[in-house]
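Student: Sharing a structure with you now.
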Amino acid sequence: MRSLFDAEERAFQDEVREFLEDWQDLDAYLSHGDRWERVAALFRAIGARGWLSMSWPKAAGGLGRGPTFEYILWDEVAYARAARNPISSIVARTLVRAGSDAQHEAWLPPIRSGEATFALAYSEPEAGSDLASLRTRAERRGDIYTVDGEKCWQSYAGHVDHLWLLARTGEPGSRGAGLSLFIVDTGTPGLTISPLPTLEGDALYECRFEAVEVPADRRVGPEDGAWGLMADALSDERHIQFPAGRLKRDLVEVGDWLAASPRANDAIVQHEFERLQVGVLEAEVLALKVVELAQQGRDAAIAAAANKVFHTERCQEIARAAFEWGGPESLVAGSRIQLLWLQSLWETIGGGTSEVMRGLVARHALQLP
Amino acid sequence: MITAQSLDADERALADVIATACSERPVGAPFDLAAWQVLARLGVFSLGSDGPSPARGLVAVFEALGEMAHAGPLVETVIAMAVLEVGPERAAIERGETFACVGAAPFWPFATKAQRCFAIAGEAIHPAHLTGAAVPVTTLAGDPWLRSAADLEAPLANGGRALALGRVAAAAALVGAGRVLIERAAERARTRQQFGRPIGVHQSVSHPLADCTIRLSASEGLLRTAAFELDAQSEDDGARTGMAFASARTSALMAAYQAHQTFGALGITLEGPLFAISRRVRQWASLPIGLPLLEARR
Ligand SMILES: Cc1cc2nc3c(=O)[nH]c(=O)nc-3n(C[C@H](O)[C@H](O)[C@H](O)COP(=O)(O)OP(=O)(O)OC[C@H]3O[C@@H](n4cnc5c(N)ncnc54)[C@H](O)[C@@H]3O)c2cc1C
């Protein structure tokens with residue numbers, strides 16, 4: 001696929017690869033575990049090169065570079081298993097579109113440098129796929145919002161300094177029309193963040209808000225206006241989610257490992273491996289389609305949903321095959337194949353489930369009811 | 001027609017006894033000797049060599065053990081009991097006082113607790129002696145194994161039958177566990193509300209669960225008829241039980257995936273409703289007792 005990138009893009013790809021030599025095998029793409037300090041250092045190192053703000057407008061302190069460069073960066077970072085792109089990126093895109101001048105001044109520099117770290121506080125016990133039903137309330141009195149409620153499944157929340165909180169400011173039942181976005185410091189009194197250990201050995205987090213006071217200047221965008229902002233920020237961000245680098249690396253690892261196994265010459269195994277290889281190439285063109293649409297300024301929502309389903313299901317397929325081929329070696333706790341297998345189980349859930357993504361494709365690409 | 005796909009009254013009673021005896025134990029609980037000895041007292045480890053229909057007995061009991069995702073070297077003990085000569089050592093294993101290790105190089109389940117070791121190598125079972133340095137490892141489902149080289153003696157004459165019984169036990173455990181996973185997922189699909197409706201109203205949720213149930217029924221039927229044939233002929237060329245095991249592992253693994261998908265984020269938690277079962281399924285599905293199916297006879 002290298003040929004699809006122009007000379008400048010290829011030069012950038014080489015630069016990123018060279019930069020990543022110091023950050024190989026952090027494995028934080030698969031699971032953070034106790035690696036957060038290294039991940040945070042990586043984000044600062046990426047920030048120091050101006051790459052966290054690569055696509056921001058120059059007026060906002062960015063490099064004004066197109067989506068392809070961002071894809072190349074996060075694709076290579078995924079291939080290196082170094083990390084997923086930070087949540088601060090979605091915060092920044094929202095701030096750039098809807099933040100006040102004072103907010104730009106306060107937040108964009110530390111996000112650009114990688115100093116400010118965020119977790120996404122959207123989901124709740126009763127609001128998963130149906131996010132618009134969320135109940136966590138932010139009640140305004142004077143210059144303070146008081147937040148009460150419960151969030152769950154927040155990635156990284158136990159490590160970061162801030163939550164990017166989606167809360168209800170409108171009437172109960174106002175669904176998407178009554179939601180607002182806030183930046184909340186994780187150390188704020190009344191906010192309790194506890195781990196929910198996950199099967200691959202990492203954790204998501206639960207965030208309880210009990211009369212948590214948030215200054216009104218921490219609300220980003222208009223009150224009750226979050227839904228549209230979230231859609232816009234997401235559309236600015238789609239091309240860097242689920243880059244093919246992760247799958248390519250999975251396949252390389254499985255291939256290397258298979259080459260050393262007695263099953264390497266088994267015709268059935270070889271055939272299956274070829275099928276997986278084709279799947280990874282297919283996933284790559286779907287990911288690049290999203291980038292292409294973004295570059296053309298066209299709506300990539302459906303292409304991104306298609307990419308998410310296809311990418312994550314290939315990811316599970318590779319892990320499943322690897323586990324089978326590994327035989328009992330895969331069963332040893334802490335083995336590489338086992339980590340891949342366990343981790344792949346949640347890929348089809350986090351960031352929107354396969355069922356919901358297929359629903360989007362069916363409705364919007366095929367006009368099905 | 002012989003109604004081999006259903007359990008008869010005696011078989012159901014046997015399964016009920018096991019389920020009742022283990023009812024206090026959380027599903028998927030880690031290995032513990034007292035629970036193991038409860039199974040021994042109920043005669044679980046002598047099933048494969050007892051009565052007129054040992055394989056059918058194994059099916060009834062192991063489906064129930066599968067529903068509990070019961071820990072311990074269950075299938076391995078069935079295999080060991082079928083190859084061990086009658087004597088005090090076998091009797092001690094039968095009583096749950098000691099263990100036999102049945103593995104395939106280089107992994108030896110529960111070997112530190114075992115007095116005797118057997119190695120599965122293809123279609124044969126050999127007495128084995130671990131040699132050199134043994135490294136303890138823990139498995140996905142939390143079992144203690146040793147990684148070690150081993151010297152093998154000549155294969156045992158009754159290895160083929162022992163493996164056939166082992167496959168029946170493993171297939172039954174997988175079918176039982178797969179059923180529980182799908183029951184839990186179906187319960188979730190009926191009760192979890194999103195968008196003001198149970199998630200199970202979506203065919204993208206309900207149909208894959210239906211597919212799993214269909215598959216599991218096929219595996220159950222194949223397993224129960226394979227056990228019936230094994231008992232009727234009291235010898236087996238391995239093909240039928242090999243296919244039953246292959247079917248059960250595919251169905252149970254599919255059930256595990258679908259259950260995880262149905263539960264959303266809750267399903268991927270360490271202490272959640274699924275992982276204690278799904279990791280046991282993954283481990284049973286990896287038992288080194290499969291047949292090269294392409295070579296199996298029709
Ligand atoms: C690894 C991981 C990381 C996460 N990180 C974060 C985070 O950082 N911040 C955050 O706020 N949240 C996070 N989440 C939560 C994530 O957003 C939710 O898990 C997701 O939205 C699904 O919600 P749920 O888990 O409640 O499942 P549910 O919505 O209960 O879904 C259960 C099942 O029902 C199906 N279903 C539901 N609705 C429909 C429908 N309309 N049509 C068809 N099928 C449907 C689903 O596809 C699924 O199979 C994370 C989750 C995971 C697994």
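Student: Kindly indicate whether any position in the range A:212-220 is in contact with a Pro (Cβ under 9 Å, 6 or more places away or on another chain), assigned to a strand (DSSP E or B) and farther than 30 Å from B:PHE275 by Cβ.
Tutor: Yes, the range A:212-220 contains a residue that is in contact with a Pro (Cβ under 9 Å, 6 or more places away or on another chain), assigned to a strand (DSSP E or B) and farther than 30 Å from B:PHE275 by Cβ.
Let's see how each residue does on (1) out of contact with any helix residue (DSSP H, G or I) (no Cβ under 8 Å at 6 or more places or on another chain); (2) of a type in the set (Phe, Trp, Tyr); (3) over 26 Å from B:PRO30 (Cβ atoms); (4) surrounded by fewer than 21 Cβ atoms within 10 Å (Cβ to Cβ):
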{"position": "B:MET68", "(1), (2), (3), (4)": "no, no, no, no"}
{"position": "B:PRO73", "(1), (2), (3), (4)": "yes, no, no, no"}
{"position": "B:VAL78", "(1), (2), (3), (4)": "no, no, no, no"}
{"position": "B:VAL83", "(1), (2), (3), (4)": "no, no, yes, no"}
{"position": "B:ALA91", "(1), (2), (3), (4)": "yes, no, yes, yes"}
{"position": "B:CYS101", "(1), (2), (3), (4)": "no, no, no, no"}
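Student: Also, I was wondering about something else. For the range A:181-199, does any single residue satisfy the condition of being under 24 Å from A:LEU30 (Cβ atoms), within 14 Å of chain B (Cβ to nearest Cβ), surrounded by 19 or more Cβ atoms within 10 Å (Cβ to Cβ) and more than 9 Å from the ligand (Cβ to nearest atom)?
Tutor: Yes: the range A:181-199 contains one or more residues that are under 24 Å from A:LEU30 (Cβ atoms), within 14 Å of chain B (Cβ to nearest Cβ), surrounded by 19 or more Cβ atoms within 10 Å (Cβ to Cβ) and more than 9 Å from the ligand (Cβ to nearest atom).
Student: Please state which of the following conditions A:TRP164 fails to meet, knowing it meets all the rest: (1) surrounded by 22 or more Cβ atoms within 10 Å (Cβ to Cβ); (2) within 14 Å of another protein chain (Cβ to nearest Cβ); (3) of a type outside the set (Val, Ile, Thr); (4) within 18 Å of A:PHE43 (Cβ to Cβ).
Tutor: Looking at each condition in turn, A:TRP164 falls short on (2).
Student: Of these, A:LEU286, A:LEU331, A:LEU293, A:LEU276, which one is farther than 24 Å from A:ARG65 by Cα, more than 14 Å from chain B (Cβ to nearest Cβ) and buried (at least 16 other Cβ atoms within 10 Å of the Cβ)?
Tutor: A:LEU276
Student: State all residues of the range A:70-107 that are among the hydroxyl-bearing types (Ser, Thr, Tyr) and under 12 Å from the mean Cα position of the chain (by Cα); if no residue qualifies, say none.
Tutor: Selection gives A:SER88, A:SER89.
Student: Could you grab me the full set of residues in the range A:207-224 that are within 16 Å of the ligand (Cβ to nearest atom) and in contact with an Asp or Glu (Cβ under 7 Å, 6 or more places away or on another chain)?
Tutor: Passing the criteria: A:ARG208, A:PHE209.
Student: In the set A:ARG97, A:ARG137, A:ARG112, which member is at pLDDT below 95 and away from the ligand (no atom under 16 Å from the Cβ)?
Tutor: Step by step, each of A:ARG97, A:ARG137, A:ARG112 is checked, and only A:ARG97 is at pLDDT below 95 and away from the ligand (no atom under 16 Å from the Cβ).
Student: Moving on. Based on this model, can you work out whether A:ASP236 counts as surrounded by 15 or more Cβ atoms within 10 Å (Cβ to Cβ), under 22 Å from the mean Cα position of the chain (by Cα) and farther than 30 Å from A:GLY297 by Cα?
Tutor: No; evaluated as a whole, the condition is false for this residue.
Student: Give me a count of the residues in the range A:338-349 that are within 10 Å of the ligand (Cβ to nearest atom) and either within 7 Å of chain B (Cβ to nearest Cβ) or touching a helix residue (DSSP H, G or I) at 6+ places or on another chain (Cβ under 6 Å) (or both).
Tutor: 5
Student: Check B:GLU183 against each of (1) part of a helix (DSSP H, G or I); (2) among the charged types (D, E, K, R); (3) in contact (Cβ under 8 Å) with a residue 12 or more places away in the chain and name the one condition it does not meet.
Tutor: With (1) part of a helix (DSSP H, G or I); (2) among the charged types (D, E, K, R); (3) in contact (Cβ under 8 Å) with a residue 12 or more places away in the chain applied to B:GLU183, the lone miss is (3).
Student: Then there is this: Any idea which residue in the range B:190-206 is nearest to the other protein chains (Cβ to nearest Cβ), counting only those that are touching a helix residue (DSSP H, G or I) at 6+ places or on another chain (Cβ under 7 Å) and among the hydroxyl-bearing types (Ser, Thr, Tyr)?
Tutor: Among residues in the range B:190-206 that are touching a helix residue (DSSP H, G or I) at 6+ places or on another chain (Cβ under 7 Å) and among the hydroxyl-bearing types (Ser, Thr, Tyr), the one nearest to the other protein chains (Cβ to nearest Cβ) is B:SER204.
The values are calculated or read from the model by the stated rules, or taken from the named source; none is laboratory data. Being a predicted model, the structure only gives us computed values, none of them experimental. Using ideal geometry, Cβ is built from the backbone for each residue, glycine included, and neighbour counts are taken over all protein chains shown.
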